[in-house]
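Heads up: the structure comes next, in structure tokens.
We did not get these values from a lab; they are worked out from the coordinates using the rules stated. In this text the structure is predicted, and so the values were computed from the model without any measurement. Don't worry about glycine lacking a Cβ; one is built from the backbone with ideal geometry, like all the others, and counts go over all protein chains shown.
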């Protein structure tokens, strides 16, 4: 009975990387990466704001004009469609801001 034992030793080399501590301003792409990371929290917040304002604006617009009702409904539904289609957060946020502005304009005027 001939038995041989082989031991392989792994040699590991440790290299230290010098970190440069520089002051870096937050760029625009960092903001959009952060919104993509926090997607589900931001979407819940935007959905409540857009839906509530859109519903109130639609109730006001029913008495005024059919065109106003159509614009308010279309802008709110665009936001909801973008959320359901998992669109980029940039598109969702921009369309949400536009929908909120339209709803506020209909409510005020």
Filtered residues of the stretch 55-89 (kept if surrounded by fewer than 15 Cβ atoms within 10 Å (Cβ to Cβ) and under 20 Å from residue 38 (Cβ atoms)): 84, 85, 86, 87, 88
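From the list 92, 107, which residue is buried (at least 19 other Cβ atoms within 10 Å of the Cβ), out of contact with any strand residue (DSSP E or B) (no Cβ under 9 Å at 6 or more places or on another chain) and closer than 17 Å to residue 48 by Cβ? Quick ask: steps written out before the conclusion?
Numbers: 107 fails: buried (at least 19 other Cβ atoms within 10 Å of the Cβ).
Selected residue: 92, the only one of 92, 107 that is buried (at least 19 other Cβ atoms within 10 Å of the Cβ), out of contact with any strand residue (DSSP E or B) (no Cβ under 9 Å at 6 or more places or on another chain) and closer than 17 Å to residue 48 by Cβ.
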